[in-house]
């Protein structure tokens, strides 16, 4: 066992940037009112107040509204509505052309707009009145908290070639709150979703490194560097962090790579709503406040960074035994190891072999090796405990859980007595195949109503919560499990629903939630790091992506494959070619449903892959005569073609020539034990 002081550094290919911060993060004059608006939100208004403003022209702020700190969300909505309706009436009155004999309120509202404002603009503005909560107290707390990790963040970003100014991004994402959880399942100070997080770190029911500021910082640096390698500029790389690379690339193709004002003002992507349009300007505001914190918050200081002692574990170990050996409480251990999931703290899992335990140097003896030597030999294990139960987290779906544990939805439904119309919910525990089927109660004729077997949920209440740590259950045979699953498979099909929209917030909300994007914008969190275009063009054509066939398209459209062959003039058995465009047979009103099925397919493929692999870096390869992209990807670099294409989205695979430089992600196996 070896001890080391906290030196976490992972070097990948750097992106040398010699330009000044102003050149890297331009602030066009047209965007300055928007930046000023967010500076005010971050510094002038607290969470006990908010403002009504125009959602397109952020410089137009109509009114400040004071809030009761104990007010519920619904009560706040009613209060905002009471203030919004009179403003709408005033704007509609002014939109008729009224400019004389104005009331005091009409004159005040009109003065907020340019003198030459048109009636059309005022009419549209009546439907654009938006409420924004103040965030100054959260920003101040986040700035103070950021001192714990800022030296580490800046050092790692420098090593990765990422501008250190991007250390201001967590102010927008989470207010540097490691406990932040968003309504769409994003987590930690960098607000990674599971799908994106799994590309760069371990995210499962044992460890969720999104919640560890150190691990998540490494992931964020690599993601930002990747975004920059695709977009070529930092404003769009930052926008892609929120909106996704595919949407950012579509906007750049429509308006130009650096047409930031046009993109943020005019781009009409379906998921490019308020949050996406404002993410870059909110970052600029956060960077301004972060640089000049003393000006906005006199006397403010960052907390000092903690000096940690770290020790990697050579084998599996229960949490209680580890805490006892180190002479600390499990609560202390939990506080400083936030990646560790509840399965370990409740005893369902051990600390995994190879995990690096972190504790402040001030509270633990430097000689951790000798402390761990006191752990009884019988406490160490050479393998992890089997998975018996899964505690549902925000954003989980049955299909994702099934993939996580190498089972299927019908098995989970059968083992947990779920009906096809029941939604899973946060905190609920699902029995897994290793735990065997739920106990079955035999009913005798003429007997009174049967009692429920010990440890089994009542049959009439399929959504009852089970104990956090269930009693040991004998492992069922595979045949028994399949027999139970077969019954479920023959029943009404399960509706696999994402419960996140119906769940109550489990903890502190992410700061980005306070920017209150419409619920429809949650869709943009799918495949954020995939630059591939899965949309249907106005002419009903699509670009063929890896892993796709005509059979897939026909299945998603609910038509025969031959219809697609006929429309595109394809001979029988002629395959589609990655990168080519083909026509679809789809009514306009069904386009979005097709896109959703297509994206879900790729998300499932990618999620499955990144449960087993993580991206650790990037390497460049110069094509030599006789080399093939397919052979290089699969044999030399071990990278699937779809992932290679994500790192080289502009490359025409049919026009690869010697001397061209291509990028390959560096992969490592993800240890999920």
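Taken together, the values in this text are just the output of simple stated rules run on the coordinates, not laboratory data. Note that the structure is a prediction, hence the values are computed from the model and not measured. We place every Cβ from the backbone using ideal geometry, glycine too, and count neighbours over all the protein chains shown.
Summary of values
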quantity	calculated
For the stretch 353-394, alpha-carbon Rg over 2.2 N^0.38 Å	1.66
P(r) weight above 15 Å for the stretch 612-669, C-alpha pairs, percent	44 percent
Ranked 252, 660, 236, criterion: other C-beta atoms within 10 Å, fewest first	660, 252, 236
The stretch 541-608: Cα Rg divided by the 2.2 N^0.38 Å rule of thumb	1.08
Ranked by how many other beta carbons lie within 10 Å on average, peptides 174-182, 333-341 from highest	174-182, 333-341
Burial ordering of 265, 82, 249, fewest other beta-carbon atoms within 10 Å first	82, 265, 249
Ranked by how many other beta carbons lie within 10 Å on average, peptides 394-406, 158-170, 210-222, 107-119 from highest	210-222, 158-170, 394-406, 107-119
Gyration tensor (Cα) of the stretch 48-133, equivalent ellipsoid semi-axes in angstrom	25, 12, 11
Efficiency of FRET from Cβ geometry, residue 159 and residue 74, R₀ 45 Å, rounded to 0.05	0.40
Inter-centroid distance (Cα atoms) of the stretch 554-580 relative to the stretch 79-127, Å	54 Å
By average C-beta atoms within 10 angstrom, highest first, the peptides 193-206, 588-601	193-206, 588-601
